[in-house]
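What follows is a single structure, written as structure tokens, with notes after it.
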Amino acid sequence: MSLRTKLKLPKEHGAWAMLYVPMAVAMLVAETVNWSVLWLGLSATAFFIARESTTVWWKTTRNGTPSDTAFRYMAGYLLLSAAFGFPLVVLSKLYWLIPFAVFGVLLLAINTVQTADKEDRSLFGELLAILGMTATAPTTLYVARGEWDSSALWLWEINILFFASSVFHVKWLLASTTTRRASERDQAKQLGLLYHILLGVCLITGMLTHNFPFWLCIAFAPVILRALWAIAHPVQRVNLKRVGIQEIVYSLIFVVALAFSGI
């Protein structure tokens, strides 16, 4: 049995990037790394890992045969998450973490039900998951600085827009290389094209009006161009492993570019 199986770790490699990349961006923007950020990272990691066992527990419970093992792992990870987050709220008095924690629990419950009903791979389900995982951006910035300001929400929005790009991109790749109905392919193409054109127009407009820094456009340029290229040049077969590696490279460019953006 592998370590991943023993610890009930999530299988999705991309999800780990969605969790940690926003944290890295927030630390670079804050230009601060402290013990509070470490505790937040451990708390967020434990909470994220709890998703796997929570889903198994819910599925088995709904089928009338609740898994005690899944429940123990779920409870253990959630308690561990709370234990790491407790000092931040009580000792450091970072009270804005409370609504984010409530928000996280709500999204975990929704995602668990969606996964059990096999709806977590829907566009809505994946965008909702991104909304939750990228919350590490505003919370990390808040914890690093020790105070709340509007730039935390702005940083959250940027991360949501960046990772949403990968959702539309991958859905187009899969739709264009399978035997799905033409209507599904057309929908994936139209949504991906619309999203990335609007994203590009907003970024260019913001830069020309001096509302967005130049480096913000650089952060998004690779994912916009790769999406538009894929739509214009559909392929017959997709190597998902290679796509995953490419997305990691785009994420690194995103992190570095935002470090220079001065947000």
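The values are calculated or read from the model by the stated rules, or taken from the named source; none is laboratory data. Please read these numbers as outputs of a predicted model, since none were measured by experiment. Neighbour counts are summed over all protein chains in view; Cβ atoms, including those assigned to glycine, are modelled from backbone coordinates with ideal geometry. For the accessible areas, the whole protein counts, side chains as well, though only heavy atoms, and no ligand, DNA or RNA atoms are used. Shrake-Rupley method; radii C 1.70, N 1.55, O 1.52, S 1.80 Å.
Using the Karplus relation 6.51 cos²θ - 1.76 cosθ + 1.60 with θ = phi - 60°, the per-residue 3J(HN,Hα) values for the stretch 57-67 come to 4, 5, 4, 5, 5, 5, 7, x, 10, x, 8 Hz, with x marking Gly and Pro. Restricting the calculation to Cα atoms, every distinct pair contributes to the Kirkwood radius of the chain, found to be 19.7 Å. Across the stretch 78-95, computed HN-Hα scalar couplings (Karplus, 6.51 cos²θ - 1.76 cosθ + 1.60, θ = phi - 60°) run 5, 5, 5, 4, 5, 5, 6, x, 4, x, 5, 7, 7, 8, 8, 6, 8, 6 Hz from first to last residue, x flagging Gly and Pro.
The calculated FRET efficiency for the pair Leu240 and Trp16, based on their C-beta separation and a Förster distance of 22 Å, comes to about 0.90.
Placing a pseudo-label 7 Å from each Cα along the Cα-to-Cβ vector at Trp35 and Tyr95 gives an inter-label distance of 2.4 nm. Look at the alpha carbon pairs under 8 Å that are at least 6 residues apart: their mean separation over the length of the chain gives a relative contact order of 22 percent. Loop sites only, by DSSP: take the trypsin sites (Lys or Arg not before Pro) in the chain that have at most 15 other C-beta atoms within 10 Å and name the longest stretch containing none of them. Longest site-free region, per DSSP loop and neighbour criteria: 12-92. Across the accessible surface of the stretch 124-186, with the other protein chains kept in place and a 1.4 Å probe, carbon and sulfur atoms take up 60 percent.
If the segment from Leu225 to Phe260 were pulled out straight at 0.36 nm per residue, it would be longer than the present Cα-Cα gap by 10.5 nm.
Expressed as a whole percent, the proportion of Cα-Cα pairs in the stretch 205-263 lying more than 15 Å apart is 58%.
The string of couplings for the stretch 164-177 from the Karplus curve (6.51, -1.76, 1.60, θ = phi - 60°) is 5, 4, 5, 5, 5, 5, 5, 5, 5, 4, 5, 5, 7, 10 Hz, one whole number per residue in order, with x for Gly and Pro.
Taking all protein chains into account, the per residue accessible area for the stretch 180-263 stands at 65 Å² (1.4 Å probe). In this simple spin-label approximation, Thr69 and Val201 carry label points 7 Å from Cα along the Cα→Cβ vector, and these lie 5.3 nm apart. Close Lys pairs in the chain, defined as Cα atoms under 21 Å apart and 8 or more places apart or on different chains, number 11.
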